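The values are calculated or read from the model by the stated rules, or taken from the named source; none is laboratory data. Note that the structure is a prediction, hence the values are computed from the model and not measured. Cβ sites come from the backbone with ideal geometry, for glycine too, and all protein chains shown count toward neighbours. SASA here: full protein model, heavy atoms, side chains in, ligands and nucleic acids out. Shrake-Rupley method; radii C 1.70, N 1.55, O 1.52, S 1.80 Å.
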Amino acid sequence: MTLDARAAARRPLHLALGGALVVATALIPSAESVAADQTSEATVPYTCPFPSGTEQVDVEVKAVLPVTARTGETIRPQDVSVAVPLPRSALTQFTALEAATLSATAELTVRNTNGEHTADASWQQLEAPEVALPPQGEGENGSENTDADGVVLTATGEVPTVAFGTPGPATLAPAGLTLTLASFAEDGAPTTPPHLTVVCAPADDEERPLARIAVRDGASPTTPAPDPATPARTRPNPPRRPSVRPPAWTRTPTGRSRTSPRRGSKRSTTRTPAAARSRSRPSGS
């Protein structure tokens, strides 16, 4: 059985063009944020249609979220809880079935906003354990039943990650809420019918942020480009030193000859061994 109050709710906004904001749909483990965390909470009034009539319930949403984050950084909300107080008047469907306990599965739509970009994330499969229903016709301390004699179903669980792509403020705000209520008899057997699905809508158009996160630019610093109006500095070329060629030595059959270069001419110097000189002298006779 499903009761739907979405007709009175605002149409959800989806992922904006440009990919400035990304909402993950898978529960993939990620690195923890290096920023300090904050325990955030928001109380949001909802209208929920029950078989006995429409009820207004004030739902309290809590989560641990970072105060700041870098662009593109993966953020995983921690310690998420959604506390739904149901008045006694909303429980008549279950007491008529002779139910003894009641549990719930909650699905909360969270609107993520970053600058001009908005996208909705689904925090689903949040489980609330069984709670005992007050006996029919008996209120607290044996008095007549009042709306204060209801129950509080607190759903918890893991939720998807989110990443913001634009520097500036970002918010996470609760939107639509769907409850799947399961009732059980005294012996633990499910009642007939065993489930009741109630689709709740925010009671007004006021957005009540769960958390505000300051998103800073996560890009690494880069070297600024040179100003085209500023002339580039050039280093003068150093003076060229004249190249000096070392003396060239050549060997001849009679000795060693050294040739020293000169501008426009060459000079050859020949050294003759002493023995050769003595043989070349004319005799005294």
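Observations on the structure shown:
- Residues within segment 65-91 that are acidic (Asp, Glu) and outside any strand (DSSP E or B), tallied: 1
- Residues of segment 206-224 that turn out to be out of contact with any strand residue (DSSP E or B) (no Cβ under 8 Å at 6 or more places or on another chain) and either closer than 19 Å to LEU86 by Cα or modelled with pLDDT under 95 (or both), as a count: 6
- Candidates are the residues of segment 123-141 that are open to solvent by less than 60 Å² (accessible area, probe 1.4 Å) and out of contact with any strand residue (DSSP E or B) (no Cβ under 6 Å at 6 or more places or on another chain); the one that is modelled with the highest pLDDT is PRO134.
- Any hit, segment 92-112, residues being open to solvent by 40 Å² or more (accessible area, probe 1.4 Å), within 15 Å of VAL198 (Cα to Cα), charged (D, E, K, R) and assigned to a strand (DSSP E or B): yes
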